[in-house]
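Q: Would you mind keeping the following structure in view while I ask a few things?
Bear in mind these aren't lab numbers, they're just calculated from the coordinates by the rules spelled out. Worth saying up front: this structure is predicted, and the values here are computed from it rather than measured. Don't worry about glycine lacking a Cβ; one is built from the backbone with ideal geometry, like all the others, and counts go over all protein chains shown.
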Amino acid sequence: MSGIEITANALDPVHPAPVAPRAEAAPKDRPARTTGDLVKIRPARQRRGLRLPRPIRRALGPVLLLLGWYVASATGVLSANTLASPTDVLNQGWQLIKNGQLPSAIYASSQRVVIGFAIGASIAVVLALVAGLFRLGEDLVDATVGMIRTIPWVGLIPLFIIWFGIDEAPKIALVALGVAIPLYFNLYGGIRSVDPQLVEAGTTLGLGRWGQVRHIILPGALPGALVGLRYALGSAWLALVFGEQINATNGIGYLMNNAEEFFQTDVIVVCLVTYAILGLLCDLIVRILSRFLLAWRPSFEGT
Amino acid sequence: MTISDTLTAAPAAVSVKDLIREFDGRVVIGGLDLEIAPGEFVALLGHSGCGKSTLLRILAGLDTQISGDVTVPRRRAVAFQSPRLMPWKRVWRNVVLGLPGRPDRERAIRYLDEVGIAARAGAWPKTLSGGEAQRVSLARALVREPDLLLLDEPFGALDALTRVKAQQLVADLWQRHGCSVLLVTHDVEEALRLADRVLVMRDGVIAHASHVELPRPRKITDPRFVELRANLLAELGVESTH
C-alpha cells in the first residue's frame with residue numbers, strides 16, 4: 001500500500017513525496033551517478049479562442065452544405081432542371097402536403113411496407129426458429145437461405161413481375177424478401193449465440209424443451225433479433241423504392257416517377273426526404289423498443 | 001477399490017458403481033465408485049482436469065455419455081462456479097424459474113431472505129455483485145428443496161473475504177435443510193471447514209478419503225485440522241510447509 005503512495009507522490013510535482021533523495025541512502029561503495037538531462041512536464045493548457053459546443057460544430061457541415069446548395073441555386077450555377085433550390089423543395093413539399101398528394105402517397109407506401117414486413121418477418125421468424133432449434137432444420141434451412149442471400153434481390157424484379165404481375169404483389173414480395181433475409185440471419189445468429197451455460201443451468205432447473213425456448217433461448221436471442229429488426233426495416237424501405245418503380249399508380253415511388261417525366265426535381269427531392277424521414281422514424285421506434293426490452297442488458301444504463 | 005465406508009442403515013442418496021467416462025478415447029473417469037449417505041456433506045478435491053467437475057455434471061444429469069451404474073435422488077439442484085442467472089429475469093424470477101405453476105414471488109422472497117438478499121428481489125442480475133449473485137444462485141438451488149445439492153466450486157470466483165462468508169452461509173443452510181451435499185473444490189481448507197468426508201480424486205478414481213470428525217464451527221488453528229490439511233495436501237502432491 002505505502003509503496004503505491006510513494007510512487008504516486010513521486011510523480012506528482014505539486015505534492016512531492018517526503019522521501020530523502022536516493023544518493024544519500026545509497027551504500028558508499030556504489031559508483032556516483034550524475035543526473036541525466038531533465039525535462040519539465042508542462043500541464044496541458046486550455047486553448048484560447050472561439051470554442052463552439054460540439055453539437056453546433058457537428059451541425060455546421062450539413063448547414064454549410066445546404067447553404068452552398070442555396071447559393072448555387074440562387075446564383076443560377078445550379079439550374080432547376082438539375083436540382084431545384086432548397087426553397088423550391090420546401091415550397092413544393094408544403095404544396096404536396098396541402099393538396100393531399102404526399103399524405104396519400106405515404107399512406108399507400110406505408111401500407112406496402114407494413115404488409116410486406118408482416119409477411120417477411122413471419123417467414124424469417126419461422127425459418128430462424130426451425131433452423132435455430134433443430135439440427136435437421138439447420139441443415140435444411142440455413143444453407144438454402146444462405147444461397148438465396150447471395151442473389152442480389154433487386155435483380156429478382158423481372159422474375160417477380162412474371163410471377164406476380166405488376167400490381168401490388170411484386171412490390172410486397174420484394175419488401176418481404178428484403179425484410180426476411182436480414183431478420184432471419186440475425187435471429188438465427190441470436191439463437192445460436194445464446195450462452196450454452198445458461199441452457200445447461202435451465203436443464204438443472206427442470207425446464208423442459210419448451211421452457212428452455214421460452215425462458216432462455218428466445219430472450220437470449222432478443223438482442224440479435226432487434227438488430228435484425230433495424231436492418232430489416234431499413235431494407236424494407238429500400239426494397240420499396242425499387243418496388244415502386246414497377247408501374248405504381250400510387251405511393252411515393254409513383255410520385256417520384258411522375259416527377260421524373262416532367263423534370264420536377266423539387267418533387268423528387270421531397271420524395272427522397274420523405275423516404276429518409278420514414279426510415280428514421282422506423283429506426284427510432286426500434287430504438288425505443290430496445291430500450292424497454294433490453295433494460296436487463298449490462299450495456300444499458302437507464303432502467 | 002471401494003470407498004463406500006459409510007455403512008448406514010438407510011439407502012445411500014448417491015450410489016455410483018464402476019462409472020466410466022471417456023472423451024474421445026481419453027479416460028477421464030475410469031471405474032469410479034462412490035456413495036453419499038442422506039444428509040452427508042462430501043467435499044471432492046483434485047487437481048484441475050482430474051475429472052471432478054465431470055463427475056458432478058454426471059450426477060447432475062448433464063453428462064450422460066457414461067457407462068456404469070449411477071443412482072441419484074430425483075430432486076437435485078446445482079450451483080455452478082459462475083452463478084448462471086438469466087440476465088433477462090429479475091432476481092426473484094430467476095429463483096423460481098423452472099418450478100411448476102405460476103412464478104410465486106413470495107416463495108422466492110422466502111428463500112432469498114434465507115440467503116440474506118431479499119431486498120434485491122426486484123433487481124436485475126446485472127446490478128448484483130459477485131457474492132450477491134452467488135447467493136441468489138444458492139437460493140435458486142434451495143427453493144427446489146433438493147435431496148442432493150451439487151456445488152461446483154461455487155466460491156471459486158469470489159474474493160477471499162466474501163468467500164469465507166459464503167462458506168459460512170452454506171454451512172448454515174446445510175444444517176437447516178439437511179440435504180446431501182457434494183462440493184467440488186480445489187481449496188483444502190474450504191473442504192475441511194465444511195465437509196463430513198473429504199475425497200481426493202486422482203487418475204479417474206477416488207484415490208483417498210478422510211473423515212473429518214471435528215466439532216463445528218471448525219477452527220483452522222486446531223491441531224487436528226492442521227494435520228488433516230497436511231495429509232490432504234500430501235495426497236494432492238503438494239508438500240505442506242507445516
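Q: Under the rule of -39500 (n - 2.57) per DSSP H run of 4 or more residues, summed and divided by the residues of chain B, what mean residue ellipticity at 222 nm is obtained, to the nearest 500 deg cm²/dmol?
A: -9500 deg cm²/dmol
Q: Given R₀ = 35 Å, what would the calculated FRET efficiency be for A:I161 paired with A:F262, taking r from the Cβ atoms and rounding to 0.05?
A: The formula returns an efficiency of 0.90 here.
Q: With chain B treated as a Gaussian network of Cα nodes joined by springs under 10 Å, which of B:A121, B:A79, B:A160 yields the largest mean-square fluctuation?
A: Of B:A121, B:A79, B:A160, the Gaussian network model singles out B:A160 as fluctuating most.
Q: If you don't mind, another one. Using the number of other C-beta atoms within 10 angstrom as an exposure proxy, rank A:Y231, A:Y70 with the fewest first.
A: Listed from fewest to most nearby Cβ atoms, that is A:Y70, A:Y231.
Q: In Å, what Rg and Dmax follow from the Cα atoms of chain A?
A: 30.9, 100
Q: Here's a follow-up. What is the gain in length, in nm to one decimal, between A:D195 and A:N99 on full extension, counting 0.36 nm per residue of separation less the C-alpha to C-alpha distance?
A: Gain in length upon complete extension: 29.1 nm.
Q: Quick check: pseudo-label points 7 Å beyond the Cα along Cα→Cβ at A:Y107 and B:R75, how many nm apart are they?
A: That separation, rounded to one decimal, is 6.4 nm.
Q: What distance in nm separates the simple spin-label points at B:D222 and A:I148, each placed 7 Å from Cα in the Cβ direction?
A: Label-label distance for B:D222 and A:I148, simple model: 6.9 nm.
Q: Please turn the phi angles of the range A:121-135 into ³J(HN,Hα) values with the Karplus equation 6.51 cos²θ - 1.76 cosθ + 1.60 (θ = phi - 60°), one per residue in order, whole Hz, x for glycine and proline.
A: Once rounded to whole Hz, the list reads 5, 4, 4, 4, 5, 4, 5, 5, 5, 4, 6, x, 9, 10, 4.
Q: Something else now. Where q = 0.08, 0.11 Å⁻¹, what log10 of I(q)/I(0) comes from the Debye formula for the protein assembly as shown, counting one point per Cα?
A: Result of the Debye calculation: -0.81, -1.03.
Q: With a sphere of radius 15 Å drawn around the Cβ of B:I20, what net charge do the other residues whose Cβ falls strictly inside it have (Lys, Arg +1; Asp, Glu -1)?
A: Result for the local shell: -3.
Q: Among the lysines, which have Cα under 29 Å from the Cα of A:K98 when same-chain residues fewer than 8 positions away are ignored?
A: Within reach: A:K171.
Q: Tell me the label-point distance for the pair A:N91, B:A123, using the 7 Å Cα-to-Cβ offset, in nm and rounded to one decimal.
A: Spacing of the two 7 Å Cα→Cβ label points: 6.4 nm.
Q: Please work out whether the range B:90-191 counts as rounded, prolate or oblate from its C-alpha gyration tensor, where a ≥ b ≥ c are the square roots of the eigenvalues and a/c under 1.5 means rounded, while otherwise a/b larger than b/c means prolate and anything else oblate?
A: Oblate, since a/c reaches 1.5 and b/c is not below a/b.
Q: Hey, which aspartates and glutamates would be in cross-link range of B:K17, C-alpha to C-alpha under 13 Å, not counting anything within fewer than 8 residues on its own chain?
A: Cα-Cα hits under 13 Å: B:D33, B:E35, B:D69.
Q: Can you work out the FRET efficiency for the pair A:V125 and A:K40, with r the C-beta to C-beta distance and R0 = 51 Å, to the nearest 0.05?
A: 0.20
Q: Rounded, prolate or oblate: which fits the range B:14-148, taking a ≥ b ≥ c as square roots of the Cα gyration tensor eigenvalues, rounded meaning a/c under 1.5, else prolate when a/b beats b/c?
A: prolate
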